[in-house]
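The values are calculated or read from the model by the stated rules, or taken from the named source; none is laboratory data. Because the structure is a prediction, the values reported are computed rather than measured. All Cβ positions, glycine included, derive from the backbone under ideal geometry; neighbour counts span all protein chains shown.
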Amino acid sequence: MKLLSVCVGVPREVDWKGKPVTTGIFKQPVDGRVMMRSLNLDGDRQADLTVHGGVEKAIYAYPIEHYAHWRQELPEEDLPWGAFGENLTIEGLSETTVNIGDRFRIGTAEVRVTQPRFPCFKLNLKFGRDDMAKRFLDSRLSGIYFSVVQEGEVGAGDAIELVSRDENNVTVADIVQIYVREASQDLIHRAIQVPALAADLRDYFQQQIK
C-alpha cells in the first residue's frame with residue numbers, strides 16, 4: 001500500500017449556472033513533505049465547514065485503481081491526481097476491504113477510517129456536468145475519509161501501513177450500501193456500534209431503524 005500523491009487547495013469562487021459558488025474541491029499535487037494536522041493538510045482548506053472538513057473528514061483519500069473506471073466513463077476528461085478533490089491519491093486500499101475504524105500509518109502520521117464520501121453538487125461543478133454526483137454515488141467508488149490520530153509529515157512515495165484492524169468488520173463499502181438503503185437491518189445495527197463511524201452517519205442510520 002502506497003501514497004502516490006498529496007494534493008491541497010484553498011477555496012475559490014467559481015460560476016455555476018450563473019451563480020457564484022465558493023468551493024475547495026480544486027486540489028493540486030504538491031512536491032515534498034506536507035504536515036498532516038487534525039483538521040487538514042497544511043495548505044489545504046474547505047469552503048463550507050457545515051458539510052466538509054472537520055475532525056471526522058479531515059483527510060480524503062481516493063484509490064488510483066478507480067481512475068481506470070473514470071477514464072473509461074469520461075474519456076474526454078483529463079484526470080490528474082487530485083481530480084476528485086482528494087487529498088491523498090493512494091494505491092492498494094479498497095472500500096470493500098477497509099473497515100471503518102481501521103488505523104494506518106502514513107509517513108509519521110497516523111489516521112483512522114471514519115466514512116465514505118457522499119458527493120454533493122460541487123462534484124457536478126468540478127466536472128461541468130449535472131450528473132457527476134449521481135454517477136459517482138452509483139459507481140460505489142466512494143473513496144475513504146480519515147480522521148487524524150497522530151499528526152505528522154506525509155509525502156508521495158510513503159508506504160501506507162496497517163496499524164490495527166477494527167474487529168467489527170464493517171467496511172467502507174458497507175456504509176455506502178446502508179446509505180443508499182440496500183443493506184440488511186443486521187448490517188445497520190452492526191454499523192452503528194462501530195465507535196469510529198462518523199457521528200452524523202450514526203444518527204442518520206439510527207433514524208433509518210426507527
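Assorted remarks:
- Looking at the range 3-61, the strands (runs of 3 or more DSSP E) lying wholly inside it that each contain 1 or more residues that are touching a helix residue (DSSP H, G or I) at 6+ places or on another chain (Cβ under 9 Å) sit at 12-16, 19-23.
- The residue that is surrounded by the fewest Cβ atoms within 10 Å (Cβ to Cβ), among those in the range 71-82 that are more than 15 Å from G157 (Cα to Cα) and touching a residue at least 60 places away in the same chain (Cβ under 8 Å), is E73.
- Contact map, the range 175-188: residues that are under 18 Å from G101 (Cβ atoms) paired with residues that are surrounded by fewer than 12 Cβ atoms within 10 Å (Cβ to Cβ), Cβ distance under 8 Å, separation 6+ or inter-chain. Pairs shown: I188/I209.
This table checks each residue for (1) modelled with pLDDT of 95 or more; (2) among the polar types (S, T, N, Q); (3) surrounded by 17 or more Cβ atoms within 10 Å (Cβ to Cβ); (4) in contact with a Gly (Cβ under 6 Å, 6 or more places away or on another chain).
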residue: L3; (1), (2), (3), (4): yes, no, yes, no
residue: V8; (1), (2), (3), (4): yes, no, yes, yes
residue: G43; (1), (2), (3), (4): no, no, no, no
residue: T50; (1), (2), (3), (4): no, yes, no, no
residue: V55; (1), (2), (3), (4): no, no, no, no
residue: F84; (1), (2), (3), (4): yes, no, yes, no
residue: G101; (1), (2), (3), (4): yes, no, yes, no
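- Qualifying position, being in contact with a Gly (Cβ under 7 Å, 6 or more places away or on another chain) and among the acidic types (D, E), among D138, D203, D166, D186: D166
- If only residues of the range 16-41 that are of a type in the set (D, E, K, R) and at pLDDT below 90 are counted, the one that is surrounded by the most Cβ atoms within 10 Å (Cβ to Cβ) is K17.
Yes/no per residue for (1) of a type in the set (D, E); (2) surrounded by fewer than 22 Cβ atoms within 10 Å (Cβ to Cβ):
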| residue | (1), (2) |
| --- | --- |
| F104 | no, no |
| T114 | no, no |
| L125 | no, yes |
| R129 | no, yes |
| D138 | yes, yes |
| V148 | no, yes |
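- Selection status of Y179, among the hydroxyl-bearing types (S, T, Y), more than 18 Å from H69 (Cβ to Cβ) and crowded, with 20+ Cβ neighbours inside 10 Å: no
- For the range 158-174, filtered to residues that are buried (at least 17 other Cβ atoms within 10 Å of the Cβ), more than 16 Å from the chain's Cα centre (by Cα) and among the acidic types (D, E), the residue that is farthest from N99 (Cα to Cα) is D158.
- Of all residues in the range 189-210, those satisfying the criterion of being surrounded by 18 or more Cβ atoms within 10 Å (Cβ to Cβ), over 17 Å from the mean Cα position of the chain (by Cα) and not in a loop (DSSP other than H, G, I, E, B) are A191, F205.
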